[in-house]
Amino acid sequence: MEIFLRYMGDPGFQISVADSAGVHQSTVSRTIDYVSKIIFEKVSDWIKYPNSPEEIMEAKSLWQKSFTFPVVIGAIDCSHITIEKLKIHGDEYVNRKGIASINVQATCNVKEIFTSVDASWLELVHDSRILKNSNIYPTLVQNNWQMTLLGDSEYALAPWLLTPYRNPQNDEENYYNLQYSKI
């Protein structure tokens, strides 16, 4: 949230939006403030990670109907979202490619609906570190083997996180990676 507010509060960003919309920067500032407050009030209604045994069972059941992976409740990944470089603290957001970005981690369910979003990290943070510091991590660890997520090879393999084989050595591992890639 801090990154979002810092970005939206940047006068350069607001002036650019104001010029494009043909309004004063103060109007953009008030509008961003108003809309941001409403969004943050509603986000827990829109983005829900399964925490209760009933929600976990429902997520697993829906996933099992669509794919062959047992006990999976969703997928996880990080993505670098490009932003306009801020005038203040802007260098903190420049990634290894020289582009200003925010590293956003998200999970989704079988219906491709977000179940968690963490946009509180700058680019130079590894996906596994973001996961270990996220609000979903305790739920994953506490429900060891009762539910799993699918993640890419940027994540460390764990009992509750399945990743593809980096170098499959046999037919079973190749089949696993094939099924994984279909998802």
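Structure summary
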{"quantity": "Accessible surface of the chain, 1.4 Å probe, proportion on carbon and sulfur as whole %", "calculated": "56 percent"}
{"quantity": "Angle in degrees between helix 11-21 and the longest Cα principal axis of the chain, rounded to the nearest 10", "calculated": "80 degrees"}
{"quantity": "Antiparallel content of DSSP bridges confined to the chain, in %, to 5", "calculated": "75 percent"}
{"quantity": "Test item: Cα-centred dipole of the range 51-183, Lys/Arg +1 and Asp/Glu -1 on Cβ, debye", "calculated": "160 debye"}
{"quantity": "CD proxy at 222 nm, helix term only [per DSSP H run n ≥ 4: -39500 (n - 2.57); per residue of the chain; nearest 500]", "calculated": "-13000 deg cm²/dmol"}
{"quantity": "Helix axis angle, 25-46 relative to the chain longest principal axis, alpha carbon, degrees", "calculated": "20 degrees"}
{"quantity": "Per residue solvent-accessible surface (Å²) - the chain, probe of 1.4 Å", "calculated": "62 Å²"}
{"quantity": "Cα-Cα over 27 Å, subset of 48/87; 48/132; 87/111; 60/182", "calculated": "48/87; 87/111"}
{"quantity": "Nonlocal amide H pairs with residue 147, under 5 Å, H built at 1.01 Å", "calculated": "none"}
{"quantity": "Percent RCO, i.e. relative contact order, over the chain, from Cα pairs under 8 Å lying at least 6 residues apart", "calculated": "17 percent"}
{"quantity": "Inverse mean reciprocal Cα-Cα distance (Kirkwood Rh) of the range 71-183, Å", "calculated": "15.4 Å"}
{"quantity": "Debye, to nearest 20: dipole size of the range 116-178, +1 on Lys, Arg Cβ, -1 on Asp, Glu Cβ", "calculated": "260 debye"}
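The values are calculated or read from the model by the stated rules, or taken from the named source; none is laboratory data. Predicted, not measured: the structure shown is a model, and the values here were computed from it. So basically every Cβ, Gly included, is an ideal-geometry build from the backbone, and we count neighbours across all protein chains shown. SASA here: full protein model, heavy atoms, side chains in, ligands and nucleic acids out. Shrake-Rupley method; radii C 1.70, N 1.55, O 1.52, S 1.80 Å.
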